[in-house]
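The values are calculated or read from the model by the stated rules, or taken from the named source; none is laboratory data. Computed from a predicted structure; not experimentally measured. With ideal geometry, Cβ positions are generated from the backbone for all residues, glycine too; neighbour counts draw on all protein chains shown. To get the accessible areas, we keep the full protein, side chains included, count just its heavy atoms, and leave off ligands, DNA and RNA. Shrake-Rupley method; radii C 1.70, N 1.55, O 1.52, S 1.80 Å.
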Amino acid sequence: MNDASVPGASRRQFLRRAALAGSGLAVAPALLAACNVKSVDSTSAGGGAGSATALGGNAAYKSAITKLVGGRTVRVGWTPPVLSEFFNQMESAAFRRMADYESAYGVKWIWERASPTGNFNAVEQQVQIVQSWAQRKFDVILVCTGANFATMQNVYRQASAKGSKVYQFNQPVEIFPQDKLAAISSIGYDNRWQSGYLCGSYIAGQLKGKGKVLEITGPPGSDWSTARQIGFRKALAEHPGLRVAGTANGGYLRDQGQSATQDLLTRNKDVNAIWGENEDMALGASQALDDRGIKQWDGSKGVVVIGADGLVSGMEAIRAGKLTASVDVGSVDQGTTFVDTVFHNAVLGEAVGKVIDVPTRVVDKHNVDAAEAYMQWALATPKKY
């Protein structure tokens with residue numbers, strides 16, 4: 001029987017168990033989607049005579065893959081745009097998956113993490129990080145960056161020419177021509193339809209299609225902000241009774257989101273919903289409402305506040321009534337999937353999809369227990385690299 005304690009247990013299985021145990025919920029969302037990645041559903045390693053690993057396959061498959069791996073060591077450089085709660089969850093999930101592959105097939109990992117010391121716009125440092133890893137002949141480089149798309153394609157091509165395999169993660173690749181992407185794969189989600197559109201649709205559902213909305217956005221020119229607003233505007237266009245009463249830059253930061261919301265509330269006292277493009281800004285907006293004594297959504301009245309990321313702190317805020325909802329954009333599934341992608345492509349030489357999207361879902365009080373349990377499972381990784 002598969003279980004959350006078994007390496008490789010699927011999100012579907014884990015969330016079904018967590019939901020049933022925690023709140024009697026129905027089956028949770030579908031398995032992560034990835035191109036040319038072996039199934040993670042299997043009997044446990046301690047099963048019948050033909051079983052071998054929770055990653056899939058029988059004993060003969062394990063033996064054959066172990067032979068192909070040949071005890072190889074893979075040196076990986078991982079660079080997010082900032083060090084944050086979101087990326088910590090993702091890294092922990094990656095460590096869990098790496099341990100699965102090490103245990104099953106003997107592949108060894110050397111992991112190096114580096115991030116710019118500034119904010120999302122500190123891109124020069126990140127370019128230098130990638131260039132340094134390529135110069136040091138890293139096998140794999142995983143990049144999430146706020147840098148200009150065209151600039152990074154040149155960086156990726158230069159790194160590839162030195163022998164490093166480059167993969168993107170958590171990037172708004174959907175707003176650029178796929179054939180221009182110089183990375184082998186981009187692992188993430190579609191910010192338009194799997195984030196912005198979901199947030200707008202959720203607000204419409206709660207308010208029955210009518211009301212005034214405040215937007216707390218990312219920095220001007222941010223590709224994430226551009227993509228998420230495409231989806232959000234599409235959702236609002238489907239519900240003409242909703243209108244945007246004010247927009248402000250929250251810089252993807254909680255305190256900046258709070259101050260931006262406070263400023264907008266001075267001019268818009270009767271708003272019905274606030275959309276924070278990310279969860280930190282939404283949590284800042286929530287604090288701004290509390291500071292003014294404005295009631296938050298209780299299911300029938302108050303101000304709806306929704307963001308997007310999927311943080312443990314956000315799940316706790318939802319449970320406490322300090323955040324109505326958030327879109328979990330799959331920090332855990334992204335970490336798992338980019339390790340799957342690296343193993344099958346960089347280690348086994350298999351072809352993988354150019355764009356690999358993981359599932360996302362709206363989390364509110366009805367499914368928050370399952371969502372947080374999945375994140376906590378990843379954070380409790382038995383091994384770090």
Test set (1) surrounded by fewer than 21 Cβ atoms within 10 Å (Cβ to Cβ); (2) modelled with pLDDT under 95; (3) in a helix (DSSP H, G or I) - Thr66 fails condition number: (2)
Going through Ala147, Ala122 one at a time, which residue ends up being closer than 28 Å to Thr226 by Cα and in contact with an Asp or Glu (Cβ under 9 Å, 6 or more places away or on another chain)? Ala147
So, of the residues in the range 307-332 that are among the small types (Gly, Ala, Ser) and not in a strand (DSSP E or B), which turns out to be nearest to Val76 (Cα to Cα)? Ser331
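Sort through Gly302, Gly330 and tell me the only one that's buried (at least 24 other Cβ atoms within 10 Å of the Cβ) and of a type outside the set (A, V, I, L, M). Quick ask: steps written out before the conclusion?
Values: Gly302 fails: buried (at least 24 other Cβ atoms within 10 Å of the Cβ).
Result of the check over Gly302, Gly330: Gly330.
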Could you tell me which of the residues Ala237, Ala285, Ala227 is aliphatic (A, V, I, L, M) and open to solvent by 60 Å² or more (accessible area, probe 1.4 Å)? Ala237
When (1) farther than 18 Å from Ile187 by Cα; (2) under 23 Å from the mean Cα position of the chain (by Cα); (3) open to solvent by 20 Å² or more (accessible area, probe 1.4 Å) are applied to Pro116, the one that fails is (3)
Among the candidates Gly335, Gly353, which residue alone is part of a loop (DSSP other than H, G, I, E, B), open to solvent by less than 20 Å² (accessible area, probe 1.4 Å), more than 21 Å from Gly196 (Cβ to Cβ) and out of contact with any Leu (no Cβ under 8 Å at 6 or more places or on another chain)? Gly353
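I'm checking my understanding of the structure. Among residues of the range 240-272 that are assigned to a helix (DSSP H, G or I) and touching a Leu at 6+ places or on another chain (Cβ under 6 Å), which one is nearest to Gly293 (Cα to Cα)? Show your work before the answer.
First, the residues of the range 240-272 that are assigned to a helix (DSSP H, G or I): 254-267.
Still in the running and touching a Leu at 6+ places or on another chain (Cβ under 6 Å): 254, 264.
Values: Arg254: 19, Leu264: 15 Å.
Out of the qualifying residues, it is Leu264.
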